[in-house]
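See structure below.
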Amino acid sequence: MESLVSPFFADVILWLMYLVVAVAIIVTAYSVWHGMRNRRKGDDIINGVPAGRIGWCVAIGFVVCMVLTFLLGSSQPVITNGQPFVDVFWLKVTDMFIYTSILLILGCFVSAIISRFRS
């Protein structure tokens, strides 16, 4: 069996992806902090819609969805490029992102259909 050699720039690409994810997390945290800091009391209800409550429910629901999909994720080893991948944490994180993405996409379709046919 041949030994598999990673591409020349694989390490650079991986570190660049780590950097991009870290920057995205920092920008998201700053955005939440800035939005909470500059929020006014009257911003909670817009045109009779409780936007503040909806925003909090969506944020809490997203976190609950991530936790549940992490807990329900598979930890079965996966063969990747002929090598077994057995790290339980990363296997569950991968499933968490896949399942959460699928649920969010389905939620978007359902909400678009419901809002389209609502009177």
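The values are calculated or read from the model by the stated rules, or taken from the named source; none is laboratory data. It should be emphasised that the depicted structure is a prediction, and the values quoted were computed from it without experimental measurement. Note that each Cβ is placed from the backbone with ideal geometry, even for glycine, and that neighbours are counted across all protein chains shown. Ligands, DNA and RNA are stripped out before the accessible areas are found, and what is left, the full protein with its side chains, is counted by its heavy atoms. Shrake-Rupley method; radii C 1.70, N 1.55, O 1.52, S 1.80 Å.
Once label points are set 7 Å from the Cα along Cα→Cβ at both Ala10 and Gln76, what is their separation, rounded to one decimal in nm?
In this crude spin-label approximation the distance works out to 2.5 nm.
Could you give the C-alpha radius of gyration of segment 20-66 expressed as a fraction of 2.2 N^0.38 Å, taking N as the number of residues it contains?
1.35
For segment 23-62, which trypsin sites (Lys or Arg not before Pro) are in a loop by DSSP, counting at most 10 other Cβ atoms within 10 Å?
Those that pass, being in a loop and sparsely packed, are Arg40.
Keeping all protein chains in place, calculate the accessible area per residue for the chain (probe 1.4 angstrom), answer in Å².
So the chain comes to 88 Å² accessible per residue, rounded to a whole number.
With the contact rule set at Cα under 8 Å and sequence spacing of 6 or more, what percent relative contact order holds for the chain?
Normalised by residue count, the contact order of the chain is 15 percent.
Please compute, over every Cα-Cα pair in segment 36-119, the percentage with a separation greater than 18 angstrom.
Tail of P(r) above 18 Å: 63 percent of Cα pairs.
Please calculate the 1.4 Å probe accessible area of Phe62, with all protein chains present, and give it to the nearest 10 Å².
90 Å²
Rounded to a whole number, what % of the accessible area of the chain do carbon and sulfur atoms account for, probe 1.4 Å?
Carbon and sulfur: 73 percent of the exposed surface of the chain.
Once you have the Cα-Cα distance between Leu19 and Trp56, take 0.36 nm times their residue separation minus that, and quote the gain in nm to one decimal.
So the extension gain works out to 10.5 nm.
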